Amino acid sequence: MVCCGIRTGVRMADRYNGVSMELVIGGCFQGKLAYVKEKLAEQGHILQEAEILEGGEMGAWNRETPPRVLNALHLLIRKYVMDGTPEEISPLLEGLLAEHPDLIVICDEVGCGIVPIDERERTYREIVGRTLCGLAERAKGMERITGGLPVKIK
């Protein structure tokens with residue numbers, strides 16, 4: 001099965017396919033990036049700003065510094081949906097994960113609440129949800145952050 005271009009429903013033996021990506025989700029302003037920085041610091045890695053790939057500013061990424069974190073995936077998806085090119089999201093993410101399999105992906109949960117009237121806004125929310133489903137299937141670990149506190153999902 002394909003979910004926004006990301007394989008799902010794969011056999012357990014094939015699930016990770018060399019990917020050791022971690023997924024961190026939660027509501028807006030819940031401390032997801034701060035949590036990731038603290039978690040990496042506890043592992044002995046001080047996250048540098050150059051290692052953070054901001055989803056809303058993909059064009060500003062310095063490819064000389066390998067990214068450790070993709071922050072605000074939802075903003076990357078929003079940009080492509082609003083530009084009318086949502087089909088470009090999956091190849092971009094697949095390439096990024098192939099090049100950086102240990103990436104930590106941070107994304108807001110946007111599917112809760114009132115369903116928007118605007119069709120593009122509904123499409124955006126749907127693609128974020130489907131993309132998170134595919135990434136969750138492939139992730140080595142997944143946590144939801146609420147009020148700065150982690151809840152381990154996987």
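Here the 3J(HN,Hα) profile of region 23-31, calculated from phi with Karplus coefficients 6.51, -1.76 and 1.60 at θ = phi - 60°, is 10, 10, 10, x, x, 4, 6, 9, x Hz, Gly and Pro shown as x. Only Cα pairs within less than 10 Å get springs; with that Gaussian network setup on the chain, which residue of V81, V69, V24 has the largest fluctuation? Of V81, V69, V24, the most mobile in the Gaussian network model is V81. Computed with a 1.4 Å probe on the full set of protein chains, the accessible area for K140 sits at about 110 Å².
Note on C112 and E87: their simple-model spin labels are 3.5 nm apart, each label 7 Å out from Cα toward Cβ. Across the protein chains, with a 1.4 Å probe defining accessible surface, the residues I77, I46 rank I46, I77 from largest area downward. Remark: the K39-R63 segment gains 6.2 nm on full extension, using 0.36 nm per residue and subtracting the alpha carbon distance.
Which log10 I(q)/I(0) values, to two decimals, does the chain give at q = 0.12, 0.15, 0.21 Å⁻¹ under the Debye formula with one point per Cα? Cα-only, vacuum Debye calculation for the chain: -0.49, -0.78, -1.55. Evaluated with a Cβ-only charge set (Lys, Arg +1; Asp, Glu -1), the chain carries a dipole of roughly 560 debye about its Cα centre, given to the nearest 20. Residue by residue, region 126-141 carries 3J(HN,Hα) couplings of 5, 5, 4, x, 5, 5, 5, 4, x, 5, 4, 4, 8, 5, 6, x Hz when phi is fed to the Karplus relation 6.51 cos²θ - 1.76 cosθ + 1.60 (θ = phi - 60°); x denotes Gly or Pro. For region 27-104, the C-alpha radius of gyration sits at 1.14 times the compact-globule guess of 2.2 N^0.38 Å, with N the residue count.
Counting only residues at least eight positions apart within a chain, or on another chain, the lysines with an alpha carbon under 17 Å from that of K152 are K32, K37, K39, K140.
Only helices enter this figure: runs of n ≥ 4 DSSP H residues, each worth -39500 (n - 2.57), summed and divided by the residues of the chain, yield -10500 deg cm²/dmol at 222 nm to the nearest 500.
Take every Cα pair under 8 Å whose residues are at least 6 apart in sequence, average their separation, divide by the length of the chain, and the relative contact order is 39 percent. Each DSSP beta bridge with both residues in the chain is either parallel or antiparallel, and the antiparallel ones are about 30%.
The values are calculated or read from the model by the stated rules, or taken from the named source; none is laboratory data. In this text, all values refer to a predicted model and were calculated from it rather than measured experimentally. Heads up, the Cβs are rebuilt from the backbone with ideal geometry, glycines too, and the neighbour counts pull from every protein chain shown. Just the protein is used for accessible areas: all its heavy atoms, side chains included, with ligands, DNA and RNA removed. Shrake-Rupley method; radii C 1.70, N 1.55, O 1.52, S 1.80 Å.
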